[in-house]
1. Tell me, what is the FRET efficiency for Q166 and Q7 to the nearest 0.05, using R0 = 25 angstrom and their Cβ-Cβ distance as r?
2. Please list, in chain and number order, the residues 5+ apart from L157 or on another chain whose amide H is under 5 Å from its amide H, with Hs placed from the backbone.
3. Give the long-range amide H neighbours of G125: residues separated by 5 or more places, or on another chain, with amide H under 5 Å away, using H modelled in the peptide plane at 1.01 Å from N.
4. List every residue whose amide H lies under 5 Å from the amide H of L73, counting only residues 5 or more places away in sequence or on a different chain, with H placed 1.01 Å from N in the peptide plane.
5. Tell me, what HN-Hα J-couplings in whole Hz come from the Karplus equation 6.51 cos²θ - 1.76 cosθ + 1.60 at θ = phi - 60° for each residue of region 11-23, using x for Gly and Pro?
6. Calculate the tail of P(r) for region 1-123: the fraction of all Cα-Cα distances greater than 18 Å, expressed in %.
7. Around L176, under 14 Å between beta carbons, what's the net of Lys plus Arg minus Asp minus Glu among the other residues?
8. Whole-Hz Karplus ³J(HN,Hα) for region 110-123, in order, using 6.51 cos²θ - 1.76 cosθ + 1.60 and θ = phi - 60°, x for Gly and Pro?
Amino acid sequence: MSNDPEQTWSTHEREYRIYKDCVLKRSLRPSEYKLEFRGHPYVPIANKERLQKEAACLQFIKRETNVPVPDVLAADNQDDSFCLLTNRVHGVPINELSFENQEIVKVELKSHLLTLQNLRSDRIGGPTGILCLPNIVTVHFPNVKVMPIVSSTTKDLVFCHCDLSQSNIIVHLDTLKIAGILIGNLLVSFQASLKAHSTLVQSHQERK
């Protein structure tokens, strides 16, 4: 890995470094927390756990399927910050292709989505049991740090990519083959659908 990243930036939750052949994401240390608009420190919810889940999901998909995702090169804690190092996927986002070429890529994409949907589980969350719900759910439970694990009597929960935006689908420009499907902040997990999340939120609001 080159010592000098090509790009570096940070959010209220993470720092990102883009190198020639790899990508580093790391959770912010408590000493690095930024202030929100009211001037209070913004404390990310399950910040380390979400990166741990991302690493576990990438390794699980790579082991169980032929879906192209980045390789996990390293994933560990360093000085109170969880670091995830993956190889860099080279190519262009699908939205930069012509409409005709996008239609060609979508054929392969549909097959990969079907592969993910055929992965089944009897509990929601990541393959290692880490449960990190998306913000559309956690925003309604600001004081809940640990969500209960919900299980099913049958393996009817499918593996979902919850952030399949066009910028997360990287394509080889010459071959129009998918070079990699990236995982964003919402990650992937075993779940029934986002409808279940909405039902959970609605039930919580009705009890208020």
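Coordinate-derived values only; no laboratory data. The structure displayed is predicted, hence computed values, not measured ones. In this analysis, Cβ positions are derived from the backbone assuming ideal geometry, glycine residues included, and neighbour counts consider all displayed protein chains.
1. Approximately 0.80, to the nearest 0.05.
2. Answer set, sorted by chain and number: S121.
3. F190
4. L85, T86, N87
5. 10, 6, 10, 9, 10, 10, 9, 9, 9, 4, 10, 8, 10
6. For region 1-123, the share of Cα pairs beyond 18 Å comes to 65 percent.
7. Spelling it out: positives minus negatives among the neighbours equals -3.
8. Rounded to whole hertz, the list is 4, 5, 5, 5, 5, 4, 5, 5, 7, 7, 10, 8, 9, 8.
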